[in-house]
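This report concerns only the one structure given below.
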Amino acid sequence: MPGTSSPSAGKGSWDGEPGPRVWSRDFGLFFVARAAARLGDTILPVALAAGLLQHGYGVGAVGLAMASTAASFAGLVVFGGVIADRFGTRGLMIGADLVRLVTQSLTAVLFFTGHVVLWEICLIGVVNGVAGAVFQPGVASTVPRLATDVQGANGAIRIAESAAQLAGPATAGVLVGLTAPGGVFVAHAATYAISAVCLLLLRLPAAPHDSRAHGPSASTFRADLVEGWREFTSRVWLWSVILVWCLYMIAVWGPITPLVATEVVGEHGAGAYGLINSALGAGTVVGGLIALRLRPRRMLRAGAISLVGFAGFPATVGLGLGVPAMAAGAGVAGAGMAFWSVMWTTSVQTQVKPDVLNRIHAYDVAGSLAMLPVGQALAGPAAAALGADGVLLVAAVTSFFVVFALLAIPAVRDLVRVDAAPVGRGGGGPVVRQESDRQKS
């Protein structure tokens with residue numbers, strides 16, 4: 001039942017000695033792997049845009065190339081979660097990194113030689129999306145296996161990813177100027193090489209009910225898929241947040257992405273847009289730092305409240321305020337979003353049983369991303385009807401509604417955190433300390 005758990009529901013339920021709270025050799029390797037991967041994610045759009053435009057393709061081609069990766073990822077990540085639970089995560093993650101190392105190296109060769117054909121670039125994007133769908137589910141289950149302080153670990157990773165997001169576009173811009181787009185793809189391939197090496201050196205403790213111990217034939221693929229869906233739908237706090245997030249993606253995040261760029265660049269130039277994006281990234285770093293220190297008992301309630309600040313981002317742009325005000329709004333929005341992200345990720349990782357966590361995380365990712373392209377597609381027609389400023393103001397109002405909706409759901413606002421309490425050596429590993437009044441629904 002949602003809100004209830006067994007001793008395997010929290011961190012440290014595998015056999016063996018309890019691990020460090022956050023920092024260790026192995027968590028450091030995973031930290032570097034995630035930072036490198038995020039840096040690559042932020043380099044790729046610049047590389048694709050610069051490369052395709054330079055070879056005579058238009059903005060539509062750039063969007064198609066990016067969409068090929070996003071579509072294959074979103075469509076297959078649920079199956080990736082099942083595969084990760086059946087066969088283990090580290091080998092799959094390393095394999096996915098190596099596949100993308102090869103594809104991006106091939107892309108670099110295509111751009112260096114001038115043989116750039118759109119369908120080939122899109123096909124490579126599809127392969128990258130499939131690799132990402134195999135890789136991503138394992139991220140959720142790796143963190144609680146490396147650190148007993150799951151929230152602290154997620155906060156640290158969030159800071160690394162935010163810093164990489166800040167550095168990525170600038171790094172890509174410099175590389176385009178120095179080496180041409182092909183050099184940017186070489187750098188992008190290198191980020192996957194770094195991630196793969198770090199994961200290869202990682203000593204990852206075995207998870208309880210590790211599928212590798214039982215063999216993949218213990219159950220059918222379809223049965224595992226059904227079990228993951230059953231576990232997902234049995235937790236009211238989980239699926240209700242995803243439903244609310246679908247609205248958020250359609251009415252807030254989806255329209256913001258294209259409309260803020262259009263409004264800011266049109267009125268104030270590309271430099272102002274870069275400054276606002278930097279402020280957004282800096283805010284996410286601050287949010288990650290706050291998440292390292294603030295330990296609310298009801299994590300989703302605190303995370304939802306932090307999202308109130310996000311409304312300032314679309315509101316300042318929609319009202320036509322100056323660049324300093326828009327940058328301030330973006331900074332506050334970034335901080336609130338980062339804090340929510342850590343609270344949400346930690347809740348999923350500690351409230352869900354480890355043997356289904358990869359599948360649950362896959363449903364989470366798929367559900368969260370499903371409506372983003374819908375919101376982006378509707379941004380243009382909505383702007384034609386209401387004006388871009390009007391759509392952004394609607395997004396600001398909807399941000400408040402999303403917060404109220406999250407707080408109105410008892411299973412969300414009353415979910416109590418799960419903490420791991422390590423026992424002494426010889427005790428067979430840490431046990432889970434749970435609050436007596438943990439939410440039941």
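Tell me yes or no: at least one residue of the stretch 151-164 is out of contact with any helix residue (DSSP H, G or I) (no Cβ under 9 Å at 6 or more places or on another chain) and on the phi < 0 side of the Ramachandran plot. No, because not a single residue in the stretch 151-164 is out of contact with any helix residue (DSSP H, G or I) (no Cβ under 9 Å at 6 or more places or on another chain) and on the phi < 0 side of the Ramachandran plot.
Among the residues of the stretch 369-421, those that are surrounded by fewer than 17 Cβ atoms within 10 Å (Cβ to Cβ) and either in contact with a Gly (Cβ under 7 Å, 6 or more places away or on another chain) or over 22 Å from Trp340 (Cβ atoms) (or both) comprise Val374, Ala377, Leu378, Gly380, Pro381, Ala384, Ala385, Leu386, Gly387, Asp389, Gly390, Ala421. Does Ala302 qualify as being in a helix (DSSP H, G or I) and closer than 13 Å to Val403 by Cβ? Yes, satisfied. Among the candidates Tyr248, Tyr273, the residue that is free of Cβ contacts under 8 Å to residues at least 24 places away in the same chain, among the aromatic types (Phe, Trp, Tyr) and touching a helix residue (DSSP H, G or I) at 6+ places or on another chain (Cβ under 7 Å) is uniquely Tyr273. Of the residues making up the stretch 281-317, those that are over 19 Å from the mean Cα position of the chain (by Cα), surrounded by fewer than 23 Cβ atoms within 10 Å (Cβ to Cβ) and among the small types (Gly, Ala, Ser) number 4. Is at least one residue of the stretch 205-226 under 29 Å from Asp26 (Cβ atoms), modelled with pLDDT of 75 or more and basic (Lys, Arg)? No, the stretch 205-226 contains no residue that is under 29 Å from Asp26 (Cβ atoms), modelled with pLDDT of 75 or more and basic (Lys, Arg). Against the numbered list (1) within 28 Å of Arg25 (Cβ to Cβ); (2) surrounded by fewer than 24 Cβ atoms within 10 Å (Cβ to Cβ), Asp85 comes up short only at (2).
When the criteria are applied in full, Phe112 fails the requirement of being at pLDDT below 85 and over 22 Å from the mean Cα position of the chain (by Cα). Restricting to the stretch 46-83, count the residues that are within 27 Å of Ala160 (Cβ to Cβ) and without any contact (Cβ under 8 Å) to a residue 24 or more places away in the chain. Total meeting the criteria: 1.
Let's see how each residue does on (1) within 30 Å of Met299 (Cα to Cα); (2) among the aromatic types (Phe, Trp, Tyr); (3) touching an Asp or Glu at 6+ places or on another chain (Cβ under 6 Å); (4) buried (at least 24 other Cβ atoms within 10 Å of the Cβ):
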| position | (1), (2), (3), (4) |
| --- | --- |
| Val150 | yes, no, no, yes |
| Ala156 | yes, no, no, yes |
| Pro169 | no, no, no, no |
| Ala172 | no, no, no, yes |
| Ala180 | no, no, no, no |
| Val184 | no, no, no, yes |
| Ala190 | no, no, no, no |
| Ala193 | no, no, no, no |
| Leu201 | no, no, no, no |
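The single condition from (1) within 22 Å of Ala160 (Cα to Cα); (2) assigned to a helix (DSSP H, G or I) that Val22 fails is (2).
Checked against (1) crowded, with 19+ Cβ neighbours inside 10 Å; (2) touching a Gly at 6+ places or on another chain (Cβ under 8 Å); (3) of a type outside the set (S, T, N, Q), Ala327 meets all criteria but (2).
Scanning the stretch 88-109 for residues that are under 11 Å from Gly132 (Cα atoms), over 17 Å from the mean Cα position of the chain (by Cα) and buried (at least 23 other Cβ atoms within 10 Å of the Cβ) yields a single hit, Arg100.
The values are calculated or read from the model by the stated rules, or taken from the named source; none is laboratory data. Worth saying up front: this structure is predicted, and the values here are computed from it rather than measured. Don't worry about glycine lacking a Cβ; one is built from the backbone with ideal geometry, like all the others, and counts go over all protein chains shown.
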